[in-house]
Every structure is written in structure tokens, then in C-alpha cells.
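The values are calculated or read from the model by the stated rules, or taken from the named source; none is laboratory data. Keep in mind that this is a model prediction, so the values were computed, not measured. With ideal geometry, Cβ positions are generated from the backbone for all residues, glycine too; neighbour counts draw on all protein chains shown.
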Amino acid sequence: MEKKPISLREKMAELRGHFLDRLPQNLADARRFAGILTAAPSDVAALDELFRACHSIKGTARSFGLAQIGEQAAIAEQALTVLREVEPSGREPLLPGILPAVERHLKTIEKLSASARHIETHEIPAEIAPAIDIETGPPPQDQKRIFVCDDDIQAEALAAQLSAFGYDVQIFHDRESLRDAVRDSPPSAIVMDIVFPGNSAGGTDLVAALRAEIPWTPPVVFLSGRQDFDARFRAVRAGGAAYFTKPIRGAELVETLDILTRAHDPEPYRILVVDDEPDIAAYHSFILEQHGMITRLLHEPQRILEILGEFKPDLVLMDVHMPHCNGRDLARVIRQVPEFVGLPIVFLSSETDKKEQISALQVGAEGFLTKPIAPDDLIFAVALRAERMRTLRSLMVRDSLTGLFNHTFITQFLASAVASAARRQGSVCVAMIDVDLFKSVNDGFGHPAGDQVLVTLARLLQRRLRGADMVGRYGGEEFGIVLNDVGLQEGIELVDGLRKSFAKIRFHFDRQEIGCTFSAGVAAFPLYRSPEHLIDAADKALYQAKRAGRNRVIGGDPGLRS
């Protein structure tokens, strides 16, 4: 894969140039506010804007490795802090000593900015901007193509079960044909017997040969009738990713293959960066994006609620000092909305005053980071809190057994899908699925067996549905599916395909092999206009399928629509 070096130092040099380009205007604004303050010493807004201008220059300059400019701005900021701590009526006697000093620092910043343009990229300290190389190339394709190699008749049955879960399966009965196929076009994974007739090391030595011949060898799952240590050890030494003994439990094999063939990394964290300084916001965003996160920049705090609802971030990274609305007040606004009460907010500011930091944390923020911050520290702090948020969300909205969304979430998703379809004049289908004779599985083989059936069905539904669809555990052995942009007949056909696939799966309990089926009812919007009527119609169709003999899919009667 071709590597394209993307240096954080180079990105910083670009953004630093933007900052220096805008610095004359920023200094002019600061002087304008100083002039207003000279004429009206009690003008609180002018003092706040002058303070914020110096504060912003300080933080941005330090983050971009312009330490001397940052130091001058910090001294000016500290002088203005003295003014802010005095009542407006008592400021006038202090102005003659403070404002000229601020002006001297602003002039020094002007001089320093001219020489700062000549700083070479390589002179930026490595701890501020280490070099980052990003591999580029086409994204991995989720082909989910599985090669099954076994001289045993079980290969056909195993392939049928894997196909039911949506895998593209190709069967081989001899080593050489498998070897040629892998060299020609490697699959997502290989499932093969560890022993072939006439060759006691059949599977293991073939894997070793493949690893020597091709640059990337797919993960290999070994199958065997042996359970002893020597066989397992030989599989490990050959580089086997997993080992299953016959008879193979299809659901367990699928779970392993899902993990081994996962073509994409977990969903990247979504980070909203709120900062009125575009360059520093872009810099922090760049760092996070190089670590695989998705960022959105917001420079207008008054749009926060709109952007939160649209972007749905895992974390908000926010400056404290911003015009018209500081970070503390903005955090309070966010916390007023029930949907965002638990959303992590992390302040990132050049504010070093401990009282100010504590004050910021008291509004419910998750942490306070100080500019400039090392890239690794920023990444760690953000990822840690975002992952914690993901975990908490998952615990709140997912069923603990199947990992599917729970009753509450799937109901909320349906309401949103119906509202969207109504706006677009589109369609939505709801399917209610119930495992047939589930009580007999629990009574005959125990609740762990019943749990395995539910988990297997959940995995089948997850793998076979589209990304735009949603599946959840509605309760007990009942599952709910929301199919976007699907009409009634198409929805029935889609669910019936899932029914047929589930019926092919074999379960092994107490040395017995059994199969399970499900019944389903399907209802569609706009035949039924509300989420409640959709669910009710799908439920009625489900029970009709049960009464008609089970293992079938029935559509809701349009004559009953509301």
C-alpha cells in the first residue's frame, strides 16, 4: 500500500500562517476596544473583548509553537485581569498605568510576528507537533467471502449455514484447488479441516505454504474431530486464528468469522469542536482526525443546539472564552436539553487560573485541558471520555443478551422513521418476529439453549439487514424490525427471505440436532399512519401467522388501516 506522509508539523505551519495573516486585524480589534475603554472606563463589554483578544492570541500562539508571542499576550492578559477584578466605577485611575503597558505588548507582538514567518517547519518542537504518517489507499471491502475446504460431507451443510448468515461461500474438497484460488483472489477467511486423507499435516502445512507465497494470508479457522492438546497446538503453530471441533456449532463459528472478517474499524468517535478561533480549531480537529475520529467545527456558539441534533457527537470539545457566549454558559444551555444531559463536555482553553477552571467544571463538564496540549494527550483525553460515553449509551439502549437495541430505542427509531417518511412521502415497514415453539426449546434443553437460539437469530438479522434498517429485541423471543423506504410487498419478501435462512440453521443441544423457525407480521406506512398503529397491525398479522400454522410471514390487512 502506498504511503503518503502527512506531517502534523506541515499542517501546523499552514495554520500558523493563517494565524499570522489574521494577526494584524486581531491587534487592530484589540486597540479599538482599548480606545473604547479609554473613553468609557466602565464599559464592561469593551474590557471583556480586549481581554478575550489577548487571551485568544496567547492560546493560539502557544499552540502553534510561537512561544514569545504567546508570552507577550499572556502578560497583557494578566494586566487586564487586574482591571476585570475591579468594579467598573473604580477602573479609571488604573487605566493610565495598564492600557499603555498593554499597547507596548501589542507592539512587541507585531515585531515578533514578522520574524515568526521565517520559522522553518522543522524548527517546531516535536512534542508540540510530531510527524504523523498516514497510510492511504482504497478502503477495505466488506466482501465476506469464505472458502470452506473439507473432504467431509459436512462441508455442504456448513456452507449452507454460513450462506444463511449472508456469507458468500465457496467449497473446495482438495488442497491444490484451494491453494490456487487463494493465490488468485484471497477470501475474507478460510475454514478448513486440519487433516486431509494421505496427509496428516494437510491443513497446517498448506497454511504455512500460503503464508510464504502471498503477501497477505486470510485468517484461517481450523476444523477437526480431535480435541487433544497436540492437535490444537499444531493449529496454533500454523497460525490458525480459531479451532473448532466437530460437529460444528454454526452460531459459534459465525460469531468468530464476524470478528475475523470485520473489514472496518469500529465506528469512529464523533467530536464537535467549538472554538471561535478557526485556526486553532482546525489544528485540534486535524490531530483528532489523524487518529480516525470524525470532527465538526463550530465557530458560532448560538448554533450549538442545531448542530448537536444534526451531528450527534460523542463529545464536545469547547473553548471557555468566546465572544457573546462563554463556554460555561454554553455548557448550561446544552445541559438544559434532556437529550444532552449526559453528553461529555471537555473544555480546552489557555486559561490557567484554577478558580476559573473549577468554575468551568462546576457546570457539569467532564474535564479541563490547557492549551497548548500535546497531540497524544489530546487524543487520549478525548478518546477515553468518548468511549465511556459510547459504553453508557450502549448499556442504556441495548439488550444485554443479544446486543440489539431494546424496546424503547426501537420504538423511538420507528417514530423518527415514520416522521421522516411522512415528510418525504416515502414508505416504512415494520416487522414483528416471534420464534416458534420457543418454550419447548427452553423446557427441553434449558434456558442457555434458548439464549443461543435468540442470539443466533439476532446475529442473522444484524448481518442480513441493510445499514438504513434497524432491528431490536422487542421482548422475550420477539424482535422488531424497521425497514426504511420499503413497501409492504417488498417488506414481506425481505422478511420471508430471513425466515427461510433461519430455518436452515442447525443447533446442537445435548447431542441432538434441531432446527428452529419464526413467524412474522409486517405492516407498512402510509397504509397505517402512526407508529402505534403500525406496531399493532404488525402484531395482529404475527398472531395470524401463528394461528395459520407458524413458520410464515403475513402482511397487515390494509382494510384495518387507520
* To do: Note down all Cβ pairs under 6 Å where the first residue falls in the stretch 466-479 and is hydroxyl-bearing (Ser, Thr, Tyr), the second is buried (at least 18 other Cβ atoms within 10 Å of the Cβ) and assigned to a strand (DSSP E or B), and they're at least six residues apart or on different chains.
  => 474/480
* Taking the condition at pLDDT below 75 and of a type outside the set (D, E, K, R), does residue 400 pass? -> yes
* Give me the pairs, please: first residue somewhere in the stretch 227-253 and on the phi > 0 side of the Ramachandran plot, second residue anywhere and modelled with pLDDT under 85 and surrounded by fewer than 19 Cβ atoms within 10 Å (Cβ to Cβ), beta-carbon distance under 8 Å, and either six or more positions apart or on two chains. => 239/208; 239/211; 239/217
* Count - residues of the stretch 530-553 that are basic (Lys, Arg) and either in contact (Cβ under 8 Å) with a residue 40 or more places away in the chain or closer than 30 Å to residue 246 by Cβ (or both) -> 3
* Asked: Within the bounds of the stretch 38-47, is there any residue that is touching a residue at least 24 places away in the same chain (Cβ under 8 Å) and exposed (fewer than 14 other Cβ atoms within 10 Å of the Cβ)?
  -> yes
* So is residue 436 charged (D, E, K, R), closer than 30 Å to residue 511 by Cα and touching a residue at least 60 places away in the same chain (Cβ under 8 Å) or not? -> yes
* Of all residues in the stretch 521-551 being in a loop (DSSP other than H, G, I, E, B) and either of a type in the set (A, V, I, L, M, F, W, C) or under 36 Å from the mean Cα position of the chain (by Cα) (or both), the one that is farthest from residue 426 (Cα to Cα) -> 548
* Asked: Just to be sure, is residue 210 within 29 Å of residue 460 (Cα to Cα) and modelled with pLDDT of 70 or more?
  -> no
* To do: For the stretch 446-465, state whether one or more residues are among the polar types (S, T, N, Q), outside any helix (DSSP H, G or I) and surrounded by 14 or more Cβ atoms within 10 Å (Cβ to Cβ).
  => no
* Within the stretch 518-532, can one find any residue that is touching a strand residue (DSSP E or B) at 6+ places or on another chain (Cβ under 8 Å) and closer than 18 Å to residue 442 by Cβ? -> yes
* Test residue 22 against the stated conditions and say whether it is under 24 Å from residue 326 (Cβ atoms) and at pLDDT below 85. => no
* Does residue 99 satisfy the condition of being at pLDDT 85 or above, more than 18 Å from residue 280 (Cβ to Cβ), touching a Lys or Arg at 6+ places or on another chain (Cβ under 8 Å) and in a helix (DSSP H, G or I)? -> no
* in contact with a Pro (Cβ under 8 Å, 6 or more places away or on another chain) and among the aliphatic types (A, V, I, L, M): does that describe residue 274? -> yes
